[in-house]
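> Following this message is one structure expressed as structure tokens.
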Amino acid sequence: MSRSAQDEALLVLARAAVGISTRAADRLGELSVVQLRALTVLRELGTANLGRLAEALDVTVSTTSRLVDRLVAAGLAERRPSPRTRREIELRVSDAGDEVLDRYDDLRLEDLRGGLDRLPEDRRDDVLAALLEFGAAASVHGAAVVVAR
């Protein structure tokens, strides 16, 4: 398959981002990348029921249920009755889950800053501005929301 220079540049960016996130997850050592993604999406939603979280993760409710079971058992997410209806359970990230996600962000930022530091100093602001604009354009939500937050 033949790819354009633009395609190759985008793939370099995607691979770098995934590599940074994977290395940070490995260094964190507590959760899988899938669990980190679920926790990240849940934090982004604030509170959600199981169906809403499954939709946001683009997986089945049964898969999400098992994932949430593990997060709750680890003390990283909380389940409570919904104030709107007795038939629903409300999910949210626990304080411990927030701490894990903050450490995950710190580890990723460490690597990202290292990459930025390797750029010529006079180009860093332009690169950051372009990345912010690209992040907003590429985001499903139309805002600069990175997978971790």
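> Just round it to a whole percent: the fraction of Cα-Cα distances in region 78-144 exceeding 19 Å.
62
> Could you check how many percent of all C-alpha pairs in the chain are farther apart than 23 Å?
45
> If you rank 128, 11, 31 by how much accessible surface each has, with a 1.4 Å probe, what is the order from largest down?
These residues rank, largest area first, as 128, 11, 31.
> What does region 1-47 give for Rg and for Dmax, in Å, if only its C-alpha atoms count?
Using the Cα atoms of region 1-47, the pair Rg, Dmax is 14.5, 44 Å.
> Once ligands and nucleic acids are excluded and a 1.4 Å probe is used, how much of residue 121 is accessible, expressed in Å² to the nearest 10?
Looks like 140 Å² after rounding.
> Using a basic spin-label model with each label point 7 Å from the Cα along Cα→Cβ, how many nm lie between residue 12 and residue 131?
Distance between label points: 1.5 nm.
> Could you list which residues have their amide H under 5 Å from that of residue 90, counting only those 5 or more apart in sequence or on another chain, with H placed in the peptide plane?
80, 82
> Per residue of region 108-121, what does 6.51 cos²θ - 1.76 cosθ + 1.60 with θ = phi - 60° give for ³J(HN,Hα)? Whole Hz please, x for Gly and Pro, Karplus curve as stated.
5, 4, 4, 5, 5, 5, x, x, 5, 5, 7, 7, x, 4
> So what does the Cα-only Debye profile of region 1-86 read at q = 0.19, 0.22 Å⁻¹, as log10 I(q)/I(0), no solvent term?
-0.91, -1.07
The values are calculated or read from the model by the stated rules, or taken from the named source; none is laboratory data. Since the structure is predicted, the reported quantities are computational estimates derived from the model, not experimental observations. Note: ideal-geometry Cβ built from the backbone for every residue, glycine included; neighbour counts use all protein chains shown. Note: accessible area is taken over every heavy atom of the protein model, side chains too, but ligands, DNA and RNA are not part of it. Shrake-Rupley method; radii C 1.70, N 1.55, O 1.52, S 1.80 Å.
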